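Everything on this sheet refers to the single structure shown next.
The values are calculated or read from the model by the stated rules, or taken from the named source; none is laboratory data. Keep in mind that this is a model prediction, so the values were computed, not measured. For neighbour counting, all protein chains shown are included, and Cβ atoms are generated from backbone atoms with ideal geometry for every residue, glycine included.
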Amino acid sequence: MRPTKNDKAKQQYRINEQIRCREVRIVGDDIESTVMQTRDAIRLAQQQGVDLVEISPNAQPPVCRLIDYSKFLYQQKKRQKEIKAKQVKIEVKEIRFGPQTDDHDYDFKLKHAKGFLSEGDKVKAYVFFRGRSILFKEQGEVLLLRFANDLEEYGKVESMPVLEGKRMTMFIAPKKGAPKAEGEAEEVKPEAVAEQPKAEKRQPKVKERKEYTGPKVEGEDF
């Protein structure tokens with residue numbers, strides 16, 4: 001059977017009788033840091049109903065903590081999750097060109113690249129040469145350098161254009177404090193919508209009845 005992740009974590013630290021050194025420095029909750037014989041430290045841990053966990057084996061003498069080992073592993077796992085959650089994940093967005101990309105297509109892809117960089121993502125821009133278009137590799141390099149120059153406000157070039165096979169690739173990393181890309185919709189606050197006055201319903205106008213001023217006819221009432 002292969003060892004599980006939990007088993008590997010347990011093997012990272014020596015506890016109790018696994019600690020072979022002569023003396024250790026003990027630490028723990030409500031315990032003053034002190035150096036004592038390892039057997040005495042194990043006995044103290046047993047009296048408190050916890051384990052003696054070696055947390056710093058390279059110190060002189062090694063540092064051990066008085067704590068329940070399962071609780072200790074849980075705390076370590078929780079701390080690692082918190083550190084991982086704080087790490088910023090940077091995605092790499094790819095933008096593909098042809099060696100003879102027209103201005104309309106170029107502007108469209110430039111707009112997307114600005115959006116990616118302003119959101120903190122890297123941009124991998126490359127020119128793909130199909131068939132005999134590899135003859136225009138200099139034109140592809142000029143295109144990528146123009147692309148980098150137009151993105152100067154949003155990102156910095158990590159690697160200049162490099163031709164590998166049929167691809168010429170360049171990486172652009174986001175700049176700190178890059179401006180917001182044009183065309184990004186601003187968030188509308190709900191209270192701002194609520195404050196807008198409602199349009200009043202207009203009552204339909206009633207046409208006034210015009211008084212008949214012509215000659216009167218017997219038998220008819222106007």
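Among the residues of segment 131-141, those that are surrounded by 14 or more Cβ atoms within 10 Å (Cβ to Cβ) and without any contact (Cβ under 8 Å) to a residue 40 or more places away in the chain comprise S133, I134, F136, K137, E141. Taking segment 43-86 as the range and being modelled with pLDDT of 90 or more, of a type in the set (D, E) and under 37 Å from the mean Cα position of the chain (by Cα) as the test, the residues that pass are E54, D68.
Of the residues that make up segment 142-149, is at least one assigned by TED's automatic domain parsing to the domain that holds V27 and in contact (Cβ under 8 Å) with a residue 40 or more places away in the chain? No, segment 142-149 contains no residue that is assigned by TED's automatic domain parsing to the domain that holds V27 and in contact (Cβ under 8 Å) with a residue 40 or more places away in the chain. Among the residues of segment 100-109, the ones that are more than 16 Å from F171 (Cβ to Cβ) and not in a loop (DSSP other than H, G, I, E, B) come to 6 in all. How many of the residues making up segment 158-173 are hydrophobic (A, V, I, L, M, F, W, C) and within 21 Å of the chain's Cα centre (by Cα)? Selection size over segment 158-173: 3.
To keep it simple, each residue is scored yes or no on (1) exposed (fewer than 10 other Cβ atoms within 10 Å of the Cβ); (2) in the same structural domain as E141 (by TED's automatic domain parsing).
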{"site": "R20", "(1), (2)": "yes, no"}
{"site": "R25", "(1), (2)": "no, no"}
{"site": "E32", "(1), (2)": "yes, no"}
{"site": "A41", "(1), (2)": "no, no"}
{"site": "V50", "(1), (2)": "no, no"}
{"site": "P62", "(1), (2)": "no, no"}
{"site": "R79", "(1), (2)": "no, no"}
{"site": "D103", "(1), (2)": "yes, yes"}
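Applying the condition of being among the charged types (D, E, K, R), under 24 Å from the mean Cα position of the chain (by Cα) and at pLDDT 90 or above to segment 91-120 and asking which residue is nearest to K176 (Cα to Cα) yields K114.
Would a scan of segment 75-93 turn up a residue that is farther than 30 Å from S56 by Cα and small (G, A, S)? No: zero hits. Against the condition exposed (fewer than 14 other Cβ atoms within 10 Å of the Cβ), of a type in the set (F, W, Y) and out of contact with any Asp or Glu (no Cβ under 7 Å at 6 or more places or on another chain), how does F128 come out, does it pass? So F128 fails the test. Residues in segment 40-81 that are part of a helix (DSSP H, G or I) and closer than 10 Å to V24 by Cβ: D40, A41, I42. Across segment 45-98, the number of residues qualifying as touching a strand residue (DSSP E or B) at 6+ places or on another chain (Cβ under 9 Å) and within 30 Å of S118 (Cα to Cα) comes to 9.
Out of segment 82-99, which residues are part of a loop (DSSP other than H, G, I, E, B) and either over 19 Å from M160 (Cα atoms) or touching a helix residue (DSSP H, G or I) at 6+ places or on another chain (Cβ under 6 Å) (or both)?
Listed by number, the residues that qualify are Q87, V88, K89, I90, E91, P99.
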